[in-house]
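Worksheet for the structure shown next.
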Amino acid sequence: MTKAGDENQIVKTLAYSWPEIWELTERDWKFDKERYPNYPESGTDTEKFYFEVRHILFHLTKHIGLIGTTLENIDHSKDIHNDESSDSEVIDETSVKLLLSVIKLLQILSVPEDDARLALMNELNTKSSFNNSAAQKIDD
């Protein structure tokens with residue numbers, strides 16, 4: 001979506017390794033009263049858990065909605081290939097935020113970093129195997 005050579009949010013994020021992204025997300029995205037005035041700091045672990053999951057789901061919904069709104073607006077645009085448009089930047093930046101929100105959700109759900117990484121790799125391998133076998137059938 002972005003022009004070649006542009007330094008964007010995705011490039012900056014992907015400059016980190018998976019363990020670094022995981023650690024930075026865990027370290028820098030904490031739930032407390034200062035950042036979230038309605039956070040049940042003195043509540044039970046269950047209350048805290050539900051607040052955190054709900055809040056991350058709000059972020060996921062917001063990010064998906066922004067991407068959808070941007071793409072829907074492009075559908076109504078006369079010049080959808082306008083390189084000067086900020087639409088691709090919005091989609092790129094929001095996609096990174098979406099990814100980080102998913103990582104934070106995994107952390108809240110107590111999924112170990114190695115398990116998340118292995119599940120991601122397995123999913124990528126499954127998709128790659130599926131795509132390769134589908135391409136093979138087309139070639140046959």
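Since every read-out is calculated from the coordinates, none of them should be taken as a lab result. All values derive from a computational prediction rather than experimental measurement. Here the Cβ is made from the backbone with ideal geometry for all residues, glycine too, and neighbour counts use every protein chain on show.
What number comes out for the charge environment of Arg35, summing +1 per Lys or Arg and -1 per Asp or Glu over other residues with Cβ under 12 Å away?
-3
Given a Förster distance of 22 Å, report the FRET efficiency between Tyr50 and Asp28 from their Cβ-Cβ distance, rounded to the nearest 0.05. Kindly include the intermediate steps, with their values, before the conclusion.
On the way: r = 22 Å, r/R0 = 1.01.
Calculated value: 0.50.
Can you work out ³J(HN,Hα) from phi for every residue in segment 57-70, in order, using Karplus 6.51 cos²θ - 1.76 cosθ + 1.60 and θ = phi - 60°, giving whole Hz and x for Gly and Pro?
In residue order, the calculated couplings are 4, 4, 4, 4, 4, 4, 5, 5, x, 5, 5, x, 4, 5 Hz.
Can you sort Arg54, Arg117 so the residue with the fewest Cβ neighbours within 10 Å comes first?
Fewest to most other Cβ atoms nearby, the residues stand as Arg54, Arg117.
Neighbouring Cβ atoms within 10 Å as the yardstick, rank Leu24, Leu124 fewest first. Don't skip to the answer; put the middle values down first.
Numbers: Leu24 14, Leu124 10.
Listing Leu24, Leu124 from fewest to most nearby Cβ atoms yields Leu124, Leu24.
Give the relative contact order (percent, whole number) for segment 9-109; include only Cα pairs under 8 Å separated by 6+ residues. Can you show the working numbers first?
On the way: 58 pairs, mean separation 39.5, N = 101.
Relative CO of segment 9-109 lands at 39 percent.
Need one number: nm distance between label points at His76 and Ser110, each 7 Å from Cα along Cα→Cβ, rounded to one decimal.
So the label points at His76 and Ser110 sit 4.7 nm apart.
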